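A short worksheet on the structure shown next.
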Amino acid sequence: MKLISINVSLPQLISWKGREFETGIFKSRTEGSVNVQFLNLNGDRQADLSVHGGPNKAVYAYPIEHYPYWQEFLSLPSLEMGAMGENLTLEGLKETDICVGDILSIGSAEFVVTQPRIPCFKLEAKFKRDDLVKAFLRSGFSGFYFAVRKEGQIQAGDPVQILSREPQHISIADFNRMQRHELVDQDLLKRALQIEALTQGWRDAIERWLQ
């Protein structure tokens, strides 16, 4: 498992379907060592902190293994690193391999897995495809958010190491199935609420499903 690319951007103003808004989804690959801070990577910012960023969604990671799928879906000859809006493009670590609450190290920084990504319309705006959010959710290729447990420095090529596993062992893929209402096991939902790293939004959703 390793870090393939580090991708950052500052918010920019774009228009889509008659409205203008700022977005930080247009990530560009950056070279060399990058500082990891508790709220973001150096050189990266989120436009709307009500739905992106913050301590529990400070860094977004995405598996490079999904790139061929999106390249075909979008009918593009290639995809640049950071194409899905991710900060970290990873190899060897997919949604089935990692669990909410797992602790990882990359370079001298440490991260905690907090939740899968649920995309908004800005992903569609980037590629000018109004079917992309549904396709993203249906695919299960969500990637995952990190909270920063320890600040440090990272660079492309760094190995990704799993330092500890969350005892409940509920994968990002399982959470994606919950989101699609394909996994409604009551015991599993109750165990998910015991994960300390789980974000409040997901806690609220699971409590509604249990009711």
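Other residues with beta-carbon under 12 Å from the beta-carbon of ASP158 carry, at +1 per Lys or Arg and -1 per Asp or Glu, a net charge of 0. Cβ crowding within 10 Å ranks ILE154, ILE206 as ILE206, ILE154, fewest other Cβ atoms first.
Going by neighbour counts of Cβ atoms within 10 Å, the residues ARG203, ARG149 line up, fewest first, as ARG203, ARG149. Label positions at LEU210 and GLU80, each projected 7 Å from the Cα along the C-beta direction, are separated by 4.5 nm.
Approximating the spin labels as points 7 Å out from Cα along Cα→Cβ, the ILE14-to-PHE127 distance works out to 1.2 nm.
Taking the Cα centre of the range 121-211 as reference, the dipole from Cβ charges on Lys and Arg (+1) and Asp and Glu (-1) amounts to some 240 debye.
With each label modelled as a point 7 angstrom along the Cα→C-beta vector, the MET1-GLU72 pair spans 2.6 nm. Here the range 136-211 has an Rg and Dmax of 14.5, 45 Å, counting Cα atoms alone.
Of the listed values (1) 24.4, 106; (2) 16.5, 49; (3) 18.9, 57, grab the one calculated as Rg and Dmax of the Cα atoms in Å from the structure here. Only one listed value fits the structure, namely (2). Report summary: the helix-based calculation at 222 nm, which adds -39500 (n - 2.57) for every DSSP H run with n ≥ 4 and divides by the residues of the chain, gives -6000 deg cm²/dmol.
Along the axis of the charge dipole computed for the range 1-147 (Cβ charges of +1 for Lys and Arg, -1 for Asp and Glu, origin at the Cα centre), the listed residues PHE127, GLY53, LEU79 are led at the positive end by PHE127.
Cβ-to-Cβ counts within 10 Å put TYR145, TYR60, TYR67 in ascending order as TYR67, TYR60, TYR145, the fewest first.
Here the extension length gained between LEU39 and ARG138 equals 32.7 nm, from 0.36 nm per residue of separation less the Cα-Cα distance. Note on the chain: dipole from Cβ charges, positive end direction compared against HIS181, TYR62, ASN42; the farthest Cα belongs to HIS181.
Values quoted throughout were computed directly from the atomic coordinates according to the rules given, and no laboratory measurement underlies them. Given the structure is predicted, the values throughout are model-derived calculations rather than measurements. All Cβ positions, glycine included, derive from the backbone under ideal geometry; neighbour counts span all protein chains shown.
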